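The values are calculated or read from the model by the stated rules, or taken from the named source; none is laboratory data. For clarity, every value in this text was computed on a predicted model and none was experimentally measured. Cβ atoms come from the backbone with ideal geometry, glycine included; neighbour counts cover every protein chain shown.
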Amino acid sequence: MTRVAFVTGGTRGIGKAITARLKASGYKVAAGYAGNEVAAKACAKELGVMIVKGNVSSFTDCAEAVKEVEKELGPIDTLVNNAGITRDAMLHKMTEEQWVEVIQVNMASIFNMTRNVIEGMRERGFGRIVNISSINGQKGQMGQSNYSAAKAGMIGFTKSVAQENAKKGITVNAICPGYIDTEMVAAVPKNVLDSIIAQIPVGRLGRAEEIARCVAFLSSEEAGFITGATLTVNGGQYITG
């Protein structure tokens with residue numbers, strides 16, 4: 001049986017690597033994107049995947065995206081909630097707009113997407129949901145109270161939904177990447193980036209493909225006994241008990 005996967009924010013960075021890995025693993029894959037048409041079309045052409053435009057902070061957009069994917073590819077077996085943004089500022093300077101936008105895109109989106117696939121997964125008795133959180137959702141980060149709150153919320157959501165759906169053959173897990181060598185991180189000033197790398201015991205940034213391999217494993221049939229877990233992938237920068 002060929003499984004169907006939907007990766008939000010799946011046309012660039014970590015998301016694109018996840019899309020590529022799942023496609024290489026034999027899935028039929030749809031990659032969601034918000035607005036970068038050039039990157040989305042390039043991803044579709046390069047990887048041979050379906051692309052779906054929509055705003056993950058809109059429940060209606062998510063419902064329509066799920067319908068579109070299932071009409072084209074079939075029922076969604078695997079959902080990867082990867083879409084996210086940053087709007088960094090110290091709290092005493094943060095605007096309401098910066099707070100709300102990050103919470104909506106990074107946190108509310110996982111309800112919007114998961115709610116629209118969970119009933120089908122329960123009916124079919126199988127599902128894999130992987131939520132891409134962050135090291136900063138585990139340890140916090142100055143200037144990112146909005147982002148850290150959203151990413152920490154994803155972990156709580158993961159644990160609750162895992163318990164609710166375990167008997168239905170659905171696993172729900174979170175991955176917390178550390179600093180990964182993406183366009184966003186590459187844009188950080190060199191002196192700041194050097195100081196970040198100095199805090200990582202393995203001495204380098206992570207690679208998007210390393211996160212993608214974790215997603216592929218958690219999405220597999222073999223990972224059926226792993227649910228409600230948080231997988232920390234940060235080169236030893238932040239070690240949890």
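Restricting to segment 72-93, and then to whatever is over 19 Å from the mean Cα position of the chain (by Cα) and not charged (D, E, K, R), can you tell me which residue is nearest to R12 (Cα to Cα)?
Only one residue tops the list, namely L73.
Assess whether V56 counts as being crowded, with 22+ Cβ neighbours inside 10 Å, farther than 21 Å from I14 by Cβ and not acidic (D, E).
no
Could you please tell me which pairs satisfy a Cβ distance under 9 Å, a separation of 6+ or placement on different chains, a first residue in segment 119-134 that is under 27 Å from G236 (Cβ atoms), and a second residue that is of a type in the set (F, W, Y)?
So the pair list comes out as N131/F157; S134/Y147.
G125: exposed (fewer than 14 other Cβ atoms within 10 Å of the Cβ), within 19 Å of the chain's Cα centre (by Cα), over 19 Å from I18 (Cβ atoms) and modelled with pLDDT of 95 or more, yes or no?
no
Conditions: (1) within 16 Å of the chain's Cα centre (by Cα); (2) surrounded by fewer than 19 Cβ atoms within 10 Å (Cβ to Cβ); (3) of a type in the set (G, A, S); (4) closer than 22 Å to N173 by Cα. G10 meets all but one. Number of the miss?
Among (1) within 16 Å of the chain's Cα centre (by Cα); (2) surrounded by fewer than 19 Cβ atoms within 10 Å (Cβ to Cβ); (3) of a type in the set (G, A, S); (4) closer than 22 Å to N173 by Cα, G10 violates only (2).
Within segment 136-147, is there a residue that is buried (at least 22 other Cβ atoms within 10 Å of the Cβ) and either within 30 Å of T2 (Cα to Cα) or basic (K, R) (or both)?
no
Mind checking which pairs have a first residue in segment 158-172 that is within 14 Å of N131 (Cα to Cα) and a second that is part of a strand (DSSP E or B), Cβ under 6 Å, 6 or more apart or different chains?
Hits for this filter: T158/N131; T158/V172; T158/A174; V161/V172; A162/V172; I170/G127; T171/R128; V172/I129.
Out of T114, T78, I need the residue that is out of contact with any His (no Cβ under 8 Å at 6 or more places or on another chain) and free of Cβ contacts under 8 Å to residues at least 60 places away in the same chain. Which one?
Answer to the selection: T114.
Would you please name the residue that is nearest to T78 (Cα to Cα), looking only at residues in segment 24-51 that are exposed (fewer than 13 other Cβ atoms within 10 Å of the Cβ) and in contact with a helix residue (DSSP H, G or I) (Cβ under 9 Å, 6 or more places away or on another chain)?
Result: A24.
Residues that are among the β-branched types (V, I, T) and more than 21 Å from T114 (Cα to Cα): find the helices (runs of 4 or more DSSP H) completely inside segment 145-241 holding 2 or more of those.
The qualifying helices (runs of 4 or more DSSP H) are 190-198.
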